[in-house]
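Chemist: A single structure is presented below for examination.
Read the figures in this text as sums done on the coordinates, not as results from a lab. Predicted model only: the values in this text are computed from it and were never measured. No Cβ is skipped: glycine too gets one built from the backbone with ideal geometry, and neighbour counts run over all protein chains shown.
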Amino acid sequence: MSVQIQSHHASGFPPDFNTENYCVILLKGSGVFSVDQINYFYDGFTVLFLTPYQKLKLAPDTDNEIFLLFFHGDYYCIEYHKEEVACNGLLFNNIYLNPGIPLSEDNYIYILSILNHIQHELSEKHLFSESIIKTYIQLILAICSKEKSESIDGQLSGARIPNKNAAEFQKLLEIHFKEEKELSFYSGKLNITNNTLSKAVKKEFNKTPSQLINERITLEAKKLLHLTYRSVKEVASELGFDDEFYFSRYFKKSVGCSPKKYREKVGISIVAKMSM
């Protein structure tokens, strides 16, 4: 499946949802969604972004219709198109940000109309459909990237000052996650207790430090499997795992499938192929 549009009533949404595709989900109403076991509240018009094999659960308060756009990385590579839509690290693949963003009603209706156009092109299957569909996907991502960027800018210019310990933890994690996987290393670097760091990080990111460490390692593993031709053994070594089989178990526990299966289903990106 390269591209697909689906719709579900909230009451009929799969209880344990994941896919090997990138996924954009339009929600209306209020409730809670859980991505990789982290809960987020939503209210109004919302668009949600999932990368391959992220786990989603929905607990909506109303039985509204939910619309989903799936696209495979081989069909539309967000890394390859990052200059045009700036969505990688903003809409997708960012462990520190909420994977969903609120939309205005106008943008919700507009994106829904784009999904209808994509559905029409999928049914037509004429010569230019693939190029048109890719342009529509790019338009959706560009609109949402702009919304997300403006939302972040608004938060930064607001009254709330980010917690210093949480911000410093984020910086340290980006530098040391391949070598240092224990909470004590980060609390030691900051000269605070594990408990103090855990409270600060949980309040800032809605996740514990241990969850963020695990997610950062897993995110990098996914990138290396998708964006390079490195073997699983080489990926394990780069991420600080001496034992390839321990790394495979670690990855499977986090993602739900082995590194080998992940690569088979998600594919190796055009970015890797172009760098050969």
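Chemist: What shape does the range 101-196 take by its C-alpha gyration tensor, where a ≥ b ≥ c are the square roots of the eigenvalues and a/c under 1.5 counts as rounded, a/b above b/c as prolate, and the rest as oblate?
Modeler: Details: a/c = 4.67, a/b = 2.26, b/c = 2.06.
Prolate is the answer for the range 101-196, as a/c is 1.5 or above and a/b outweighs b/c.
Chemist: If I take every Cα pair under 8 Å that is 6 or more residues apart in the range 128-276, average their sequence separation and divide by the length, what percent do I get for the relative contact order?
Modeler: After rounding, I find 18 percent.
Chemist: For the range 43-94 and the range 178-248, compute the distance between their C-alpha centroids and round to whole Å.
Modeler: Spelled out, the Cα-based centre of one part sits 23 Å from the other.
Chemist: Under the definition of Cα pairs under 8 Å and six or more residues apart, what whole-number percent is the relative contact order of the chain? Spell out each step's value before the answer.
Modeler: On the way: 384 pairs, mean separation 48.1, N = 276.
It rounds to 17 percent for the chain.
Chemist: Let me ask you something else. Looking at the chain, what % of its DSSP beta bridges pair antiparallel, to the nearest 5?
Modeler: On the way: 35 of 36 bridges.
Percent antiparallel among DSSP bridges in the chain is about 95.
Chemist: What list do you get for V271, V255 if you sort them by fewest beta carbons within 10 Å? Spell out each step's value before the answer.
Modeler: Values: V271 16, V255 21.
By the 10 Å Cβ count, ascending: V271, V255.
Chemist: Next up: Ranked highest first by the average count of other Cβ atoms within 10 Å around their residues, in what order do 22-28, 56-62 fall?
Modeler: 22-28, 56-62
Chemist: Given 0.36 nm per residue, what is the gain on full extension from L122 to E264 after removing their alpha carbon distance, in nm? Intermediate values should be presented prior to the final figure.
Modeler: Numbers: separation 142, 0.36 × 142 = 51.12 nm, distance 2.49 nm.
Contour length minus Cα-Cα distance gives 48.6 nm.
Chemist: Can you give the Rg/Rh ratio of the range 3-156, where Rg is from the C-alpha atoms and Rh is the Kirkwood radius?
Modeler: 0.94
Chemist: Let me check against my output: what whole-number percent is the relative contact order of the range 28-162, with C-alpha pairs under 8 Å and at least 6 apart? Please report the intermediate quantities before stating the final value.
Modeler: On the way: 132 pairs, mean separation 33.3, N = 135.
Relative contact order of the range 28-162: 25 percent.
Chemist: Restricting the calculation to Cα positions, tell me the Rg (one decimal) and the Dmax (whole number) of the chain in Å.
Modeler: Rg, Dmax (Cα atoms, Å): 19.4, 63.
Chemist: What is the sum of charges around L56, taking Lys and Arg as +1, Asp and Glu as -1, for the other residues whose C-beta is under 9 Å from the C-beta of L56?
Modeler: Details: positive: K55, K57; negative: D16, D36.
Computed value for this residue: 0.
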